[in-house]
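Some notes on the structure that comes next.
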Amino acid sequence: MPVEIAAHAGFCIGVRRAVEMAETLAGEGAPACSLGELIHNPMVVRRLAEAGLEPIHDPAEAAGRRVLIRSHGVAPDVMERLKQYTDEVLDLTCPFVEKVHRIVSASSRDGTPVVLVGQQEHPEVRGTAGWAAGPVYTVSTVEEAQMLPPMEKAAAVCQTTFPMAEWDAILAVLRERIPGLESHCTICNATEVRQREAAELAGRSDAMIVVGGRNSANTRKLYEICLQKCRRTILAESAADIPPAFANIDSEKIGITAGASTPSDLLKEVVTRMSDMEHKDLTPSQEEENHQDFMAEVESTLVRIRPGQTLTGKVVQITDDEVCVSIGYKADGLIKRADLVDENVKLDDEIEVEVVKVNDGEGNVLLSQRNIVNRKAWDALMEKYDAGEYVDAVGKEAVKGGLIADVSGVRAFVPASQLSQRYVEKIADFVGKEMKLKIIEVDKQKKRVVASRKAVIAEEAAAKKKEAWEKLEEGIVIHGIVRRLTDFGAFVDIGGVDGLIHITDLSWGRVRHPSDVVKVNQEVDVKVLSLDPERERIQLGYKQLQDHPWDHAAEKYPEGEIVTGKVVRITDFGAFVELEPGLDGLVHISQCAATRVAKVEDAVQVGQEVQVKVLGVDPEKKRISLSIRQALEDNTPAAPVENPAADEYEVVATDDTVADKFAEAAEEKTEE
């Protein structure tokens, strides 16, 4: 009697994870429970209860115990109620179910109705409905879909274990009835593969056994699918449910599959039962020998694996984070998205993988496709690491705490603190960006790499700074770029190091703010005035490369010339007038007006433009004597004077007096 077991029979990833975690908690001895039956299999539920992890049906019963949320998930309000009674809640919701929750929550945020395609009383459907912010309608048949009230728009999702053919039929009705329908096929890939495989096996079998709990929705669906292809199909919760004369042991082919909530030991029990039926007329020794041969044959279909082994498997399930691969082992293997070389992998693709861990602690086999492709790349990377060389990388993904970068096919983690010398607000800005990294930490056993972009920037800046300092010397003229302005000056990048142009070295004239003379990113030539390597300070001059106004003062302002200037400062003895930036002359109080004034302010104000006559220029002493009075007289026709000696407004000041006042003012200005 040939027996064929479906390749994807028994626990799915989510259920296996939930059961193994439950067994671990039960083994620890601490009070624990699950909210509802952990899985739809009475034998497993009974076994867990005997081990100390019983199901509860009301959050209030959780007081003082650790609570497991089964793979079906729960509504947010149920989770909040649980947290009122216990702080220890372990959420084992299946990733596919979590995805449905996110879709329902986002789609109904504005009150949009949700159409949930599935069995209304199924715990997954009840839990999913609780994530909706608006109306929820549950349908499981085409007829129910046709009875929905009129809606302009809605979001449609389906139970993860719902048959694909039935979903397609219901979806066609929904599209006809709801103009603004937004549909999401949320059927688990593994469910679809399991159902398709069961249908194919039933089609080529004379009799079919579906192993699993009668209250399991996915097991019942498997039974219904197989029944359509093979009329002699039974649903067995255990080996005891198989009738003695179920099949012709001499000639018929028997197919066996199992629901997603069926443990492997129960499946083996059924296989053993079929073996016993085949050999019931043998002697005890012959029966034992044949039984061992039969089980060995079944076990031989399951490969033996070890870490580092390379296998070829078929992709059977794809989630946002992982890809599930059938490798002929009792458990399927999982590949993290980041460990895939081909990120566009599709269902039923055959790919080469390497076993990383036979059991990750949750019963999953961890696989990697990238390890095979990148083995040589890893060795080359280690050579660069040992030599302290930089590596070229591309930012791939922003994750919590940093950036995942691709270094010649090898994943490297760059902590957020190592991305830049300044705080990085948006790590995602580095995704797709080419960069140089320095490997700062390596776990060769786990093949993990931690790298730093900050270290590269710092080392390159240090090298550039050292090179720049070696080229600097006082007195040289160098080209630079203005990088930053402050109230006291401008910082200029002169090839790897910054130097300061103090505000007093920007111009020969008065400067209120550096922005009056230079702008950020402006290219300038500057003179190195002083160097302090110990304090890493560089004093630069900008005005020193401009002509000094006094160098040509005598030629530009000859004696007797009338020119225009601006009053920039007033003292008791006169007013200083700026003829051009860096070149001021003194108008003595006696020369401030055509008539005598008691105070300079009575004649002129700071900021006022005035015409002055040049009385004299002394470049060596940097003095210019000016007169407003004589400029006015030269521009005004003289009136006849009968008695000039009687002019009460005439003030006589010797040149020495003016010179002394000018000198005092110049000294005062220098001190300022």
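On the stretch given as the range 406-429, residues that are touching a helix residue (DSSP H, G or I) at 6+ places or on another chain (Cβ under 8 Å) and either outside any helix (DSSP H, G or I) or at positive phi (or both) total 10. Residues in the range 331-364 that are out of contact with any Leu (no Cβ under 7 Å at 6 or more places or on another chain), over 21 Å from Val450 (Cα atoms), in contact (Cβ under 8 Å) with a residue 40 or more places away in the chain and aliphatic (A, V, I, L, M): Ala331, Leu347, Val358. The listed residues are Leu38, Leu48, and the only one of them that is assigned to a loop (DSSP other than H, G, I, E, B), free of Cβ contacts under 8 Å to residues at least 40 places away in the same chain and closer than 25 Å to Glu269 by Cα turns out to be Leu38. Of the residues making up the range 210-251, those that are at pLDDT 85 or above, closer than 21 Å to Thr160 by Cα and surrounded by fewer than 21 Cβ atoms within 10 Å (Cβ to Cβ) are Arg220, Glu224. Assessment of the range 566-585 against the conditions (aromatic (Phe, Trp, Tyr), surrounded by 17 or more Cβ atoms within 10 Å (Cβ to Cβ) and modelled with pLDDT of 90 or more) yields at least one matching residue.
Quick check, is Ala145 crowded, with 22+ Cβ neighbours inside 10 Å and within 33 Å of the chain's Cα centre (by Cα)? Spelling it out, it is not the case that Ala145 is crowded, with 22+ Cβ neighbours inside 10 Å and within 33 Å of the chain's Cα centre (by Cα). Pairing each residue of the range 565-576 that is in the same structural domain as Ala603 (by TED's automatic domain parsing) and more than 17 Å from Gly509 (Cβ to Cβ) with any residue that is modelled with pLDDT under 90 and of a type in the set (D, E, K, R), provided the two are 6+ apart or on different chains, yields C-beta distances under 6 Å for Phe573/Lys661.
Does Gln605 meet the test of being assigned to a helix (DSSP H, G or I) and either among the polar types (S, T, N, Q) or modelled with pLDDT under 90 (or both)? No, not satisfied.
Condition check ((1) touching a Gly at 6+ places or on another chain (Cβ under 7 Å); (2) of a type in the set (A, V, I, L, M); (3) at pLDDT 85 or above; (4) in a strand (DSSP E or B)) across all residues:
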site	(1), (2), (3), (4)
Val345	no, yes, no, no
Gly363	no, no, no, no
Lys384	no, no, yes, no
Ile404	no, yes, yes, yes
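Residues in the range 148-180 that are over 18 Å from Ser105 (Cβ atoms) and in a strand (DSSP E or B): Gly180 only. Looking at the range 80-116, which of its residues are out of contact with any strand residue (DSSP E or B) (no Cβ under 7 Å at 6 or more places or on another chain), in a helix (DSSP H, G or I) and not aromatic (Phe, Trp, Tyr)? Hits for the range 80-116 are Glu80, Arg81, Gln84, Pro95, Val97, Glu98, Lys99, His101, Arg102, Ser105, Ala106. For the range 203-223, taking the residues that are under 24 Å from Arg16 (Cβ atoms) and assigned to a helix (DSSP H, G or I), the one that is nearest to the chain's Cα centre (by Cα) is identified as Asn218.
Residues that are surrounded by 13 or more Cβ atoms within 10 Å (Cβ to Cβ), out of contact with any strand residue (DSSP E or B) (no Cβ under 7 Å at 6 or more places or on another chain) and within 24 Å of Lys519 (Cα to Cα) do not occur anywhere in the range 447-455. Residues in the range 460-476 that are surrounded by 15 or more Cβ atoms within 10 Å (Cβ to Cβ) and either under 30 Å from Gly395 (Cα atoms) or under 35 Å from the mean Cα position of the chain (by Cα) (or both): Lys465 alone.
For the range 313-336: of the residues being of a type in the set (Gly, Ala, Ser) and not in a strand (DSSP E or B), which is nearest to the chain's Cα centre (by Cα)? If we take residues in the range 313-336 being of a type in the set (Gly, Ala, Ser) and not in a strand (DSSP E or B), then Ala331 is nearest to the chain's Cα centre (by Cα). Of all the numbered requirements in (1) over 23 Å from Gln195 (Cβ atoms); (2) under 30 Å from the mean Cα position of the chain (by Cα); (3) polar (S, T, N, Q), Gln84 misses one, and that requirement is (2).
Name every residue in the range 539-551 that is farther than 24 Å from Val497 by Cβ and exposed (fewer than 13 other Cβ atoms within 10 Å of the Cβ), in order of residue number. Scanning the range 539-551 gives Asp547, Asp551. When the strands (runs of 3 or more DSSP E) confined to the range 477-558 are screened for residues that are in contact (Cβ under 8 Å) with a residue 12 or more places away in the chain and within 37 Å of the chain's Cα centre (by Cα), those reaching at least 3 such residues are found at 477-486, 489-493. Taken over the range 191-204, the criterion of being crowded, with 24+ Cβ neighbours inside 10 Å and either of a type in the set (Gly, Ala, Ser) or farther than 17 Å from Phe11 by Cβ (or both) is satisfied by Ala198, Ala202.
Quick check: is even one residue across the range 390-398 within 12 Å of the chain's Cα centre (by Cα) and over 30 Å from Ala18 (Cα atoms)? Please lay out each step first, then the result.
Taking the range 390-398 and keeping what is within 12 Å of the chain's Cα centre (by Cα), we get 395-398.
Checking the rest, the ones that are also over 30 Å from Ala18 (Cα atoms) come to 395-396.
Scanning the range 390-398, I find at least one residue that is within 12 Å of the chain's Cα centre (by Cα) and over 30 Å from Ala18 (Cα atoms), so the answer is yes.
Annotation for the range 181-196: at least one member residue is part of a helix (DSSP H, G or I), over 26 Å from Leu38 (Cβ atoms) and outside the structural domain of Leu38 (by TED's automatic domain parsing).
The values are calculated or read from the model by the stated rules, or taken from the named source; none is laboratory data. Please read all numbers here as calculations on a predicted model, not as lab measurements. Counting neighbours? That spans all protein chains shown, and the Cβs are built from the backbone with ideal geometry, glycine included.
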